[in-house]
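Student: Below you will find the structure I want to go over with you.
Just so you know, all these numbers are worked out from the coordinates, no wet-lab data involved. On a predicted model such as this, the values are computed, not experimentally measured, just so you know. Using ideal geometry, Cβ is built from the backbone for each residue, glycine included, and neighbour counts are taken over all protein chains shown.
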Amino acid sequence: MNKTLPPPEHYLPLLLQGRWFAGLPAEVRQRLLAPARVRAVPAGQRLFSRGDANDGLYAVVEGSVRIGGISAGGKEAVLSMIEPPLWFGEIALFDAGPRTHDADTRAPTTLLQVPLPALQALLAAHPADWHHLGALAVEKMRAVLSGLEELTVLPAPQRMARRLREMTLGHGMLTEQGARHSLAVNQEQLGAMLALTRQTVNEVLRDLEARGIVARHYGRIEVLDHEALKAAGEIDA
């Protein structure tokens, strides 16, 4: 028997932990949730691939989604791991273009999906809502530019500490109340995000663990001391 899924409104308290959604006017939040459908997706399922047609806007309310791609040689590129209550899939709305990357579930995942036809109707009726979707895209662009700078100028320990800290805050897209303590990411994925070898990732995590800042678990990293992790990301830490 299939499990009955709750309505989208059930996830409102969780979604309000996201800075972007919490900052929307109440009527805009209502317009987004009204046509949304709840989807339960098993682990390891492809939601969409690079080059696919846009099928709407998503929010993760349980589980995690990897955004990235696979090179012709089979090397994985991980751009981000999206966890509750973050939204994704807005980029293709602006140019009516295809999906820019692959999106795969990394655990049993529950999603809200606002289908493309409903989004198009919403935006046609309320053109000012484009501004809010633009703000979502800009938040992510800021995080990408910051990450590129860190790849260039920071040593591996500071780079990793900052990335872990950013992940606890959803790369700036979570409110302080929504900050995470457990990150669904493994060492291989961290290495792919930061252009580091698995050996380097292991060495840095072992040091952070010895200092009581993080704890390593199978498939996830637990942050034990957020302030110490922030300090570890400073260049003179």
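Student: Give a residue-ordered list of calculated ³J(HN,Hα) values for the range 53-65 (Karplus: 6.51 cos²θ - 1.76 cosθ + 1.60, θ = phi - 60°; whole Hz; x for Gly, Pro).
Tutor: Listing the rounded values in order: 5, 5, 10, x, 10, 10, 9, 8, 10, 7, x, 7, 10 Hz.
Student: Using 1/(1 + (r/R0)^6) with R0 = 35 angstrom and r between the beta carbons of Ala107 and Ala22, what's the FRET efficiency to the nearest 0.05?
Tutor: Efficiency computed from Cβ-Cβ geometry: 0.90.
Student: Here's another thing I want to ask about it. Out of Gly68, Leu93, Thr168, whose Cα points farthest toward the positive end of the dipole of the range 55-214 (charges: +1 Lys, Arg; -1 Asp, Glu; placed on Cβ)?
Tutor: In the range 55-214, that residue is Thr168.
Student: What is the dipole size for the range 1-48, taken about its Cα centre, with +1 at each Lys and Arg Cβ and -1 at each Asp and Glu Cβ, in debye to the nearest 20? Don't jump to the answer; show the numbers that get you there.
Tutor: Details: 7 positive and 2 negative charges, 39 e Å.
Dipole about the Cα centre, nearest 20: 180 debye.
Student: Go through Ser182, Gly219, Leu136 and say which Cα lies farthest out towards the positive end of the charge dipole of the chain; charges sit on Cβ, +1 for Lys and Arg, -1 for Asp and Glu.
Tutor: Gly219
Student: Using 0.36 nm times the number of residues separating Ala34 and Ser146, minus their current alpha carbon distance, what extension gain do you get?
Tutor: 36.9 nm
Student: Restricting to DSSP H runs of at least four residues, report the calculated mean residue ellipticity at 222 nm for the chain, -39500 (n - 2.57) per run over all residues, nearest 500 deg cm²/dmol. Don't skip to the answer; put the middle values down first.
Tutor: On the way: 10 runs with 97 residues, N = 237.
After summing the helix terms and dividing by the residues of the chain, the value is -12000 deg cm²/dmol.
Student: Report, in degrees rounded to the nearest 10, the 0 to 90 angle that the Cα long axis of helix 129-153 makes with the longest principal axis of the chain.
Tutor: In the chain, helix 129-153 runs at an angle near 20 degrees to the longest axis.
Student: For Asp52 and His217, calculate 0.36 nm times their separation in residues minus their Cα-Cα distance, and state this gained length in nm to one decimal. Mind showing how you got there, number by number?
Tutor: Numbers: separation 165, 0.36 × 165 = 59.40 nm, distance 3.45 nm.
Gain on stretching Asp52 to His217: 56.0 nm.
Student: Springs between alpha-carbon atoms under 10 Å, Gaussian network over the chain: tell me which of Pro115, Pro155, Pro85 tops the mean-square fluctuations.
Tutor: Per the Cα network of the chain with a 10 Å cutoff, Pro155 tops the list.
Student: What are the residues whose amide H is under 5 Å from the amide H of Arg220, where those residues sit 5 or more places off or on another chain and H is modelled from the backbone?
Tutor: Val185
Student: Please identify, among Met141, Met167, Met193, the residue showing maximal mean-square fluctuation in a Gaussian network model of the chain using a 10 angstrom Cα cutoff.
Tutor: Top of the fluctuation ranking is Met141.
Student: Treat every Asp and Glu Cβ in the chain as -1 and every Lys and Arg Cβ as +1, leave all other atoms uncharged, and give the resulting dipole magnitude about the Cα centre to the nearest 20 debye.
Tutor: Its charge dipole is roughly 420 debye.
Student: OK, next. From the phi of every residue in the range 116-121, what ³J(HN,Hα) in whole Hz does the Karplus formula 6.51 cos²θ - 1.76 cosθ + 1.60 yield, where θ is phi - 60° and glycine or proline is x?
Tutor: For the range 116-121, the Karplus curve yields 4, x, 5, 5, 5, 5 Hz.
Student: Name the long-range amide H neighbours of Ser80: under 5 Å, sequence gap of 5 or more, or other chain; modelled H, no Pro or chain starts.
Tutor: Excluding prolines and chain starts, which carry no amide H, the hits are Ile67.
Student: Say R0 is 35 Å: what FRET efficiency, to the nearest 0.05, do Glu188 and Asp95 get from their beta-carbon distance?
Tutor: 0.60
Student: So, one more: How high is the FRET efficiency between Gln199 and Thr4 when r is their beta carbon distance and R₀ equals 41 Å, given to the nearest 0.05? Walk me through the numbers on the way to the answer.
Tutor: Values: r = 47 Å, r/R0 = 1.14.
Efficiency, rounded to the nearest 0.05: 0.30.
Student: Choose one answer from Thr197, Thr168, Thr109: the residue with the largest mean-square fluctuation in a GNM of the chain with alpha-carbon springs under 10 Å.
Tutor: Ranking Thr197, Thr168, Thr109 by mean-square fluctuation puts Thr197 first.
Student: Expressed in nm to one decimal, what extension gain is obtained for the pair Gln45 and His131 from 0.36 nm per residue of sequence separation less their Cα-Cα distance?
Tutor: Fully extending the segment from Gln45 to His131 adds 27.8 nm.
Student: How far apart, in nm, are two points set 7 Å out from the Cα along the Cα-to-Cβ line at Ala77 and at Ala121?
Tutor: 3.7
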